[in-house]
1. By how many nm would the segment from THR277 to THR569 grow when fully extended, if each residue of separation counts as 0.36 nm and the alpha-carbon distance is taken off?
2. By how many degrees, between 0 and 90 and to the nearest 10, does the Cα long axis of helix 140-150 differ from the longest principal axis of the chain?
3. Hey, what angle do you get for helix 590-606 against the long axis of the chain, alpha-carbon based, 0 to 90 degrees rounded to 10?
4. For TRP94 and ARG578, what is the calculated FRET efficiency with R₀ set at 45 Å and r taken between the beta-carbons, to the nearest 0.05?
5. Select from the range 553-608 those GluC sites (Glu not before Pro) which occupy a DSSP coil region and have at most 15 other Cβ atoms within 10 Å, ordered by residue number.
6. What figure in square angstrom, to the nearest 10, would you give for the accessible area of LYS390 with a 1.4 Å probe?
7. Using label points projected 7 Å from each Cα along Cα→Cβ, tell me how many nm separate ASN330 and GLN470, to one decimal.
8. Sketch the reach of a paramagnetic label on PHE646 as a point 7 Å from Cα along Cα-to-Cβ, and name the residues of the range 341-380 whose backbone nitrogen lies under 19 Å away.
Amino acid sequence: MKKLISLILCLVMLISIIAIPAAAKETKVSEGTIESAFAEGKDSLIVFVTGIGQSKSYLLDDKYLKEDSFENGTWRDYENYAPLIANGDRLARWNLLEPIFEPMGKDPKKIFDLKFICGALRLVTELVLSFVVGRSVIQDSTVYNLLESVFKYNVVDENFELPDGVITPRYVCPLSEYPYADEPNEEGLIESEGKNAFYNSIPCAEAAESRLGENFEDYLYCFNYSPFSNTDKNAEDLHDFIETILADNKVGADTVVLVPMSMGASVASLYLYKYPTQAENHVIRVVSVVGCWNGSDVAKDLITCNYVDDSADQFYHGLMTDLLTEAMGNPYGKLITIALRFLPKSELRGFIDQVVSSLAKILVLNTPSLTVLIPDYDYPELRSYFDNEKVLEIADEYYQAESTLKDRLEKLTNEEGITFSFISGYGGPFGCHTDSNAFKFMNSAFKTNSDNIINISSTAPGTQFVPFDQKFDDEEGRELSPEGSIDISGTYYKDSTWFFYNQTHELEDNNTALKLAVDLALGNIKTVSDCDDPDGEYYYPQFNEARDLDPLYSPLEKFEEYIEDHAITADQLDLYNRVIAMKDSTVNNFEEDNALIDEFRAMTDDLGITEKSEEKDPSKVEKALTGIIDFIYESSYSIFGAKGYFDR
């Protein structure tokens, strides 16, 4: 009898061993999946950790903030805010900064913001008095309070929370399960706001589908957070996020690949600092895309009001006018610059300092998530600028993580088996992009070598550089880039770091970089030597050039729709094929690619598929007014130079 019982027990155990894994696999794996696309032969989840401006935030109507607005929970709960956002029920939506003006236009009650109205009236009064007396009587508190009210939806409280009604959605699910609107839009399409937001900032669908198949969205996750938040909490939330998605996912994964982008690298870095073992962090790979691993040199300039050497010229004839024109249009930017000359140069500089220092204090020094922009070599000096002890405590912890980065990454690789790859842009000064023009005003702007926002030594840690328009004089012992402006001999992971020359920080339109990121995430390539054969399956030169496909997307889509119903000429077909070949190539040539895109766009314009961008001709009065203002503007600079009307 005992032998019979033992035999039965053995059979039961054998059946359990065979059946349980099979059942788990059947419920987890996406329909149609045969084998893993990951190099290990085992699926992982790809988690994008967004950068600054990649996560959308929303302002909800006040009616949803009441206790009884929902049957269960509050507006902060996913099940309550997600349907509102999916159906476009919000007062405002933004990527980075949201001044109060759009919400004012949507909700008349918000027009009567007493702090803003009183602050604006006070500043106007003090400005008028300053012009009358010829010196600035503008108080620091006036500027600070007005800016704080203008950017009220970006200002965190003592607990580092944004104002009530402001939400940055976090979808704890794969991209395939992001919520859709209940009703079709004006074009008859039912869309997903969350999915559209993801692909607008990280357009990786084509690259991911080509490698992962039709169910590619089951593998893709995105960790969103507000750029105005608490990095310490973000790191802890990332841990909870990963634990949750690994507990229940469609592909049976128990590990993740982190893809931090821009400021997302600071969250990933602190996450790996807090959870340093693979058993805790579940990470097998990190693929950094223009990641901010050691801040940006521009942070110190902003905090200390350290401007370019020719700042006086920029005040009166240059960048200041460009920024004002960008904000207000022509000729108003020049008109304001003319008026600013009534203030002596020192007084104007003082007013600019008030604005910059107030913004730095409001948005950076009081916001833990933005203090990560301070490099470790600048932090000891800038530490004295903090006056919020809670922020300082968090910043101190991040400094410890930041200053030990090299040793930590090496330990994670050698002891935990986590591999690191870096995709970086370089070859430009700070600020040569629409969204970062103001950075041109900073002292380090033309002394750096960057992607216009972050210097190359941060996105590719350990890389040395000379200013973007120079070359290293001494080449001995160095491993230089083709144009000679960066040295990768000390780059931490030089065998798994790729560089794109003249690439701006917003590289979402560089499809080669996104393809590379996907192949690195899957483990198809791990080092430069895995993809250096032009005839191989994977070819990504370590040193490549920038690419910007943004002007191509719409014309290409419309042309492909057009040729379904229309005949085209041999020349048009040839041009189309050359565009497709360029798009598919992983060897970028910025100048030639742009010329080809321009040629293709000209063809679609001629076919009437796309419309030529034509500026409206100004009226005679507008031409006359602009001419007068231009004359006064240029004459003032010729006569007075870089100073006010009453400066000696």
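1. On the way: separation 292, 0.36 × 292 = 105.12 nm, distance 6.05 nm.
Length gained, THR277 through THR569: 99.1 nm.
2. 50 degrees
3. Approximately 80 degrees, to the nearest ten.
4. Working: r = 38 Å, r/R0 = 0.86.
Efficiency, rounded to the nearest 0.05: 0.70.
5. Working: sites: GLU557, GLU560, GLU561, GLU564, GLU591, GLU592, GLU599; in loops: GLU564.
Here the GluC sites (Glu not before Pro) that fit, given the DSSP loop and packing criteria, are GLU564.
6. Its accessible surface works out to 100 Å², give or take rounding.
7. Result: 3.4 nm between the two label points.
8. Backbone N within reach: 341-352.
The values are calculated or read from the model by the stated rules, or taken from the named source; none is laboratory data. None of the values given here were measured: they were computed from a predicted structure. Note: ideal-geometry Cβ built from the backbone for every residue, glycine included; neighbour counts use all protein chains shown. Each accessible area value is taken on the protein alone, full model and side chains, heavy atoms only, with ligands, DNA and RNA left out. Shrake-Rupley method; radii C 1.70, N 1.55, O 1.52, S 1.80 Å.
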